[in-house]
Amino acid sequence: MIIDLRSDTVTRPTPGMLEAMFSAPVGDDVFGEDPTVNALEAKTAALFGHEAGLFCPSGTMTNQIAINVHTRPGDEVICEQNSHIYHYEGGGISRNSGVQARLVEGNRGRMTAAQVTACVNANFDWLARTSLVSVENTANRAGGSYYDSETLVQIYQAAQQHKLACHLDGARIFNALAASGQTTLQTGACFDSISVCLSKGLGAPAGSVLLGSRSFIAQARRVRKVFGGGMRQAGYMAAAGIYALDHHINRLTDDHKRATVLAETVAALPYIKSQLPTETNIVIFTLDERIPVEAFLQKLAGEGIKAVQFGPQTVRLVTHLDFTDNMLDKTVSVLKAVAV
Ligand SMILES: *Cc1c(COP(=O)(O)O)cnc(C)c1O
């Protein structure tokens, strides 16, 4: 039994999802003629109360397209210092859109409206034009923390006051909603654009949907084509996304419960130097000097458990659709047995 806790992207499509993919009606989506893609886009947009959606191959692409549409070269994007758009998209914001990041030191990945406001540049020729704030919920690198609804409303108000667009990197937005009890419509009302990943906790093999107004999505469609993300019979993938939205949202609380058990197990180990609170499906902890991270990961690997290094002495575990209670039991006993 291989237990893969490296990411919630490692899941395989379930039999029901595969069936939905096999039987999907498809067409050429670059011509806008794939009924399943159109259905996924409409369904996701309606869920969040946005006008339109755009199906893309990845969450990196939906973020990069949104940033491209919201900004002009030379602009500044306000984001938290740990954010995916800054760390994990290959420098794409500068490469694709010629913009720079204004980094906020948040509280476990979360900014406040006051911090956002403080980063808005005054209107001088020599300062970059601030045009966008990008929020990540949940915040991956900060351990899967989520925003409270007041903060999101305040950030959106601050953005509107300063005429900034407000984008949500919602790669794990459904994890955030499962934990916070907020609704998709509340979330939708706080952002001009939203990237929703289908291939993380929702368990689809690939794909993200970008949401926004009709005119925003019309521009985004052009950019998607330029970035090489215009797919043809993409309905087979979109069908997996529709299936995931219908069947895999409510079960996310199971992932969170299992992550909590892992977090509690880790907390009781004698060689843990620090650990981030686990609020959703991510467990991040740092080992003390008595056990090198390579040795720790090797001991897990020897028992068939894959985890990922997330810093010099730091490890990340992520629970997901393919991580069962049996695997949880095994992982807990293996973790307890790792001695220094
Ligand atoms: C995974 C992820 C993305 C998108 O990643 P892709 O692998 O390109 O789909 C974006 N933001 C966050 C926070 C993520 O965790």
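The values are calculated or read from the model by the stated rules, or taken from the named source; none is laboratory data. These numbers come from a predicted model, not from an experiment. Methodologically, a virtual Cβ is constructed for each residue, glycine included, from the backbone with ideal geometry; neighbour enumeration extends over all protein chains shown. Quick note on the areas: whole protein, heavy atoms, side chains included, nothing else; ligands and nucleic acids left out. Shrake-Rupley method; radii C 1.70, N 1.55, O 1.52, S 1.80 Å.
Of all residues in region 315-339 being more than 14 Å from N140 (Cα to Cα) and of a type in the set (S, T, N, Q), which is least open to solvent (accessible area, probe 1.4 Å)? If we take residues in region 315-339 being more than 14 Å from N140 (Cα to Cα) and of a type in the set (S, T, N, Q), then T331 is least open to solvent (accessible area, probe 1.4 Å). The set of residues in region 72-96 being surrounded by 23 or more Cβ atoms within 10 Å (Cβ to Cβ) and among the hydroxyl-bearing types (S, T, Y) consists of S83 alone.
Here region 219-253 is the region considered, the condition is being without any contact (Cβ under 8 Å) to a residue 24 or more places away in the chain and assigned to a helix (DSSP H, G or I), and the residue that is nearest to the chain's Cα centre (by Cα) is D246. The set of residues in region 109-121 that are outside any loop (DSSP other than H, G, I, E, B) and open to solvent by less than 70 Å² (accessible area, probe 1.4 Å) comprises R110, A113, Q115, V116, T117. What do you reckon, is L127 within 16 Å of the ligand (Cβ to nearest atom), surrounded by fewer than 21 Cβ atoms within 10 Å (Cβ to Cβ) and aliphatic (A, V, I, L, M)? So L127 fails the test. G188 passes every criterion in (1) in contact with a His (Cβ under 7 Å, 6 or more places away or on another chain); (2) within 15 Å of the ligand (Cβ to nearest atom) apart from (2).
Could you go through region 275-290 and let me know if any residue there is open to solvent by 60 Å² or more (accessible area, probe 1.4 Å) and either touching a His at 6+ places or on another chain (Cβ under 6 Å) or among the hydrophobic types (A, V, I, L, M, F, W, C) (or both). No, region 275-290 contains no residue that is open to solvent by 60 Å² or more (accessible area, probe 1.4 Å) and either touching a His at 6+ places or on another chain (Cβ under 6 Å) or among the hydrophobic types (A, V, I, L, M, F, W, C) (or both).
Among the residues of region 145-191, the one identified as charged (D, E, K, R), open to solvent by less than 20 Å² (accessible area, probe 1.4 Å) and not in a loop (DSSP other than H, G, I, E, B) is D169. Note on region 1-108: enclosed strands (runs of 3 or more DSSP E) holding 2 or more residues that are more than 16 Å from the ligand (Cβ to nearest atom) and farther than 21 Å from F216 by Cβ are 100-104. The residue that is nearest to the ligand (Cβ to nearest atom), among those in region 136-150 that are charged (D, E, K, R) and touching a residue at least 12 places away in the same chain (Cβ under 8 Å), is E136. Open to solvent by less than 10 Å² (accessible area, probe 1.4 Å) and within 16 Å of the ligand (Cβ to nearest atom): is that true of V133 in this structure? Taking the combined requirement at face value, the residue satisfies it.
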